[in-house]
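Beneath this line is the structure, given in structure tokens, with notes to follow.
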Amino acid sequence: MNILVTGAAGFIGSHLCRRLLSLGHTVTGVDCFVPYYPRVVKELNLSPLRQQRGFTFINSDLRTDPIEPLLAECDAVFHLAAMAGLPKSWTEFDLYESCNVTATQRLAAVACRCPDLRKFVYVSTSSVYGKYASGDGSPPTRPISPYGVTKLAAEQLCRAYADEIGLPLVTLRYFS
């Protein structure tokens, strides 16, 4: 399969890319190096991947760059790209909204027009539960930070695209 992994330079994204490559998939990794983590850390995450056959890296910002070329001949998408962290979300809301909501909306809209796309995996967070996170997915979603609000909004956008346009969605919530 040809798989797109957004947020590929992050810790989880880079490990996911390695695993997909080890399973014989072709992987295109995308990241825009938003400065939440130092770029050198993300470059170190990418370093072993850049040398592997079947891996292509594209420095692209999902908020502004063209999405269509990223999804050409793509069978599956793992959308991990996001602006992480709760504290900064209180003071830099526009950054969180653009990275977590706008980028997701743009990617989902284009993905719906890809007839060969089999799965769109949106990776969310336990922060959508706020204080009520338990690890089992049963509590109500009640985020208590702008970060959690933007991740829940992106989940809902993906669900709307799935229900109304047929996006082949799977949503995962990462518990930390």
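Please treat every number below as a calculation from the coordinates, not as lab data. These figures come from a predicted structure and were not determined experimentally. Methodologically, a virtual Cβ is constructed for each residue, glycine included, from the backbone with ideal geometry; neighbour enumeration extends over all protein chains shown.
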task: Would you mind telling me which residue in 24, 54, 13 has the biggest mean-square fluctuation in a Gaussian network model of the chain, where springs connect alpha carbons within a distance under 10 angstrom?
output: 24
- request: State, to one decimal in nm, how far the label point of residue 72 lies from the label point of residue 113, with both points 7 Å from Cα in the Cβ direction.
  value: 1.4
- prompt: Quick one: helix 39-50 against the long Cα principal axis of the chain, what's the angle to the nearest 10°, folded into 0 to 90?
  reply: 40
task: Please find the FRET efficiency linking residue 138 to residue 160, where r is the Cβ-Cβ separation and R0 is fixed at 30 Å, and quote it to the nearest 0.05.
output: 0.85
- line: Among 151, 131, 42, the residue with the largest mean-square fluctuation in a Gaussian network model of the chain built from Cα contacts under 10 Å is 131
- prompt: Spin-label point model (7 Å from Cα, Cβ direction): what's the residue 174 to residue 18 distance in nm?
  reply: 1.5
message: Quick check: the angle from helix 146-165's long axis to the longest principal axis of the chain, C-alpha only, nearest 10 degrees?
response: 60
- prompt: Hey, got the dipole for region 1-123? About the Cα centre, +1 on K and R Cβ, -1 on D and E Cβ, debye to the nearest 20?
  reply: 400
